[in-house]
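To start, the structure itself, in structure tokens.
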Amino acid sequence: MASTIENQESGIETFLEGLNIPFQRNVPLAPWTWYRVGGPARVLAQPSSVEQLAAIAARANEAGVPTYVLGGGANLLVSDAGVDGLVIQLSDPAFKQVKIEGNIATLGAGCDLFKVIPEISKAGLGGLEVLAGIPGTIGGAVRMNAGGIYGDIGKTIRRVKVMDSTGHVYHRDRDDLIFSYRKSNIAARYIIEVEFELIPDDPNALVRRFKEIFLYKKNSQPMGDNSAGCAFKNPTPVEGGEKLSAGKLIDQAGLKGFRIGGAEISSQHANFVIAHPGATAADLLAVMEHAQKRVLEVHGIRLEREVVVWP
């Protein structure tokens, strides 16, 4: 079904008119994602302030235009047809501010994890170094409570500044937040800024720990290939049962190296689906669906995709 933007011929020309906010039409999204595949965004806007974001959000809400927030593109697969709606990218420096006061670090939602975590570690604040090697932005990481075997981001969060779909800005405090495995209870459409309560520690020790975790992941995961990180969530074990690994289940189903078109299940880590040159989003989805089918047949377990698919 066509979206509001497509249905209203004049709407395409006037949707963001009068807001004095630059936007582009039919922008390729593949270069912004780690998979490097997928079609274009019908409209892409990059606000340069919270006020501009609020104006865009309110206008989109009034018009009934579907909106998508593009972070680092690390956990994202865009369909080959692209996104028939408004994609908002918080890439302006206004959304990448870093403020440190005592043991409190306030980070903009657009901050790149690869860049900001070493900076925080060098400042002698511990707690975020456990995210070494995880790609993406602060906003996306908080939304899905990103993490791994060393810990997750939710444990260190003190407060989150968010905006709803109408442009209203408010805060969610720690006692009102719930973080679980790859999930948070943050329902607001936009995450703007996050406060972290961290632990003072020796900067050299924190940097060493960051490097150790990063090297472990580099040696055990296909970090040099085009992938979106883990394709599937680890299944929730039955009460009292052992923890289950999606990668191990896929490996035991004999799927390492399985390939459709330009998409392949990594031979290094089976929970990574790699996009080779010429791959399409359809190839990647087909490989993921085959993995889900085979794991269900072999293990009786239904894997839940971790990668977000647009639209």
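The values are calculated or read from the model by the stated rules, or taken from the named source; none is laboratory data. Because the structure is a prediction, the values reported are computed rather than measured. A quick note on method: Cβ atoms are made from the backbone with ideal geometry, for glycine too, and the neighbour counts reach across all protein chains shown. Accessible surface areas use protein heavy atoms only, side chains included; no ligands, DNA or RNA. Shrake-Rupley method; radii C 1.70, N 1.55, O 1.52, S 1.80 Å.
Residues whose amide H falls under 5 Å from that of V83, counting only those 5 or more places apart or on a different chain, are A41, R42, with hydrogens built in the peptide plane. Between segment 206-278 and segment 63-78, what is the C-alpha centre distance in whole Å? Using only Cα atoms, the two centres lie 23 Å from each other.
Residues within the reach of a label modelled at R259 (point 7 angstrom out along Cα to beta-carbon, backbone nitrogen below 20 Å), restricted to segment 275-300, are 275-292.
Spin-label pair K211-E51: with each label point 7 Å from Cα along the Cα-Cβ axis, the two points sit 4.5 nm from one another. Calculated mean residue ellipticity, 222 nm, the chain: -8000 deg cm²/dmol, from DSSP H runs (n ≥ 4) at -39500 (n - 2.57) each, averaged per residue and rounded to 500. Scalar couplings 3J(HN,Hα) for segment 285-301, obtained by applying the Karplus form with A = 6.51, B = -1.76, C = 1.60 to θ = phi - 60°, are 5, 5, 5, 4, 5, 5, 4, 4, 5, 5, 5, 5, 5, 7, 10, x, 10 Hz; x denotes Gly and Pro.
Annotation: for a label point projected 7 angstrom from Cα along Cα→Cβ of A81, residues of segment 276-296 with backbone N closer than 19 Å are 280-287, 289. Which longest uninterrupted range of the chain lacks any trypsin sites (Lys or Arg not before Pro) assigned by DSSP to a loop state (not H, G, I, E or B) and surrounded by at most 12 other Cβ atoms within 10 Å? Within the chain, the longest run free of exposed trypsin sites (Lys or Arg not before Pro) spans 1-242. Ranked from largest to smallest solvent-accessible area, with a 1.4 Å probe on the protein heavy atoms, Y150, Y190 come out as Y150, Y190. Only Cα pairs under 8 Å and 6+ residues apart enter the sum, and on that basis the relative contact order of segment 192-311 stands at 25 percent. Annotation: extensible slack from K122 through E289 equals 55.9 nm (criterion: 0.36 nm per residue apart, minus Cα-Cα distance). Rounded to the nearest 20, the size of the Cβ-charge dipole of segment 221-311 about its Cα centre is 80 debye, with Lys and Arg at +1 and Asp and Glu at -1. In percent, rounded to a whole number, the relative contact order of segment 44-169 is 26, using alpha-carbon pairs under 8 Å and six or more apart. Would you work out the relative contact order for the chain, in percent, from Cα pairs under 8 angstrom that are 6 or more residues apart? Relative contact order of the chain: 17 percent.
Ordered by 1.4 Å accessible area with all protein chains kept, F232, F210 run largest first as F210, F232. Using R0 = 25 Å, the C-beta based FRET efficiency linking D176 and T236 works out to 0.55. Using every pair of alpha-carbon atoms in segment 160-303, split the distances into 10 Å bins beginning at 0 and state the percent of pairs per bin, rounded to integers. Values per bin, smallest distances first: 10, 26, 26, 28, 9.
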